[in-house]
Amino acid sequence: MSMTALLKGLSSPDLPAGEPSLPEYPRCCWIVLHADIGLPSSGAAADVFTFYVTTPEFVNSELCTQRFQLGKSMIIVKEFSWGDVRAAIVAVLAKCSGDTWDAIATQIGGYAEYEYA
């Protein structure tokens, strides 16, 4: 039986007040984001996957001093918003399914840093 994962929570060390706080410059930012993801049947239990949310303006500013920017685990948004970030992660989860949590977590790990990888 194929299962899917559920986004159970979001937090960021860069925005310790959490939702609905925003970065000082939502159109030019780099935010570390921790997504608590687990199976719907596991209650509050979840594993942490880390994404890096950034904007084109921030990447452009970094390229003024660096020749390149690498991008694993990145979510690129025009302007930071919790709704857009949540939608991006839910879209990732919709692509990941499996018969075990390990199979699902490995797939999600292709998009994000996984705490147990």
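The table for this structure:
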quantity	calculated
Residues that are of a type in the set (S, T, N, Q) and either touching a Phe, Trp or Tyr at 6+ places or on another chain (Cβ under 8 Å) or within 16 Å of ARG86 (Cα to Cα) (or both), drawn from the stretch 15-41	SER21
Pairs with Cβ under 6 Å, 6+ apart, first in the stretch 82-95 and touching a residue at least 24 places away in the same chain (Cβ under 8 Å), second small (Gly, Ala, Ser) and surrounded by 13 or more Cβ atoms within 10 Å (Cβ to Cβ)	ILE89/ALA35; LEU93/ALA5
Count - residues of the stretch 92-112 that are assigned to a helix (DSSP H, G or I) and within 11 Å of the chain's Cα centre (by Cα)	3
Residue in the stretch 5-14 that is outside any strand (DSSP E or B) and within 14 Å of GLY83 (Cβ to Cβ) present	no
Output for the stretch 81-117, where each listed residue is of a type in the set (Phe, Trp, Tyr) and surrounded by 15 or more Cβ atoms within 10 Å (Cβ to Cβ)	TRP82, TRP101, TYR111, TYR114
Failed item in (1) surrounded by fewer than 12 Cβ atoms within 10 Å (Cβ to Cβ); (2) in contact with a Cys (Cβ under 6 Å, 6 or more places away or on another chain), with GLY71 passing the rest	(2)
Members of the stretch 8-33 that are within 30 Å of THR100 (Cα to Cα) and buried (at least 17 other Cβ atoms within 10 Å of the Cβ)	LYS8, LEU10, SER12, LEU33
Sole residue being out of contact with any Ser or Thr (no Cβ under 6 Å at 6 or more places or on another chain) and either at pLDDT 95 or above or part of a helix (DSSP H, G or I) (or both), chosen from PHE51, PHE58	PHE58
Residue tally, condition under 12 Å from SER12 (Cα atoms) and touching a residue at least 24 places away in the same chain (Cβ under 8 Å), over the stretch 48-66	5
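The values are calculated or read from the model by the stated rules, or taken from the named source; none is laboratory data. Quick caveat: nothing in here was measured; it's all calculated off a predicted structure. Note: ideal-geometry Cβ built from the backbone for every residue, glycine included; neighbour counts use all protein chains shown.
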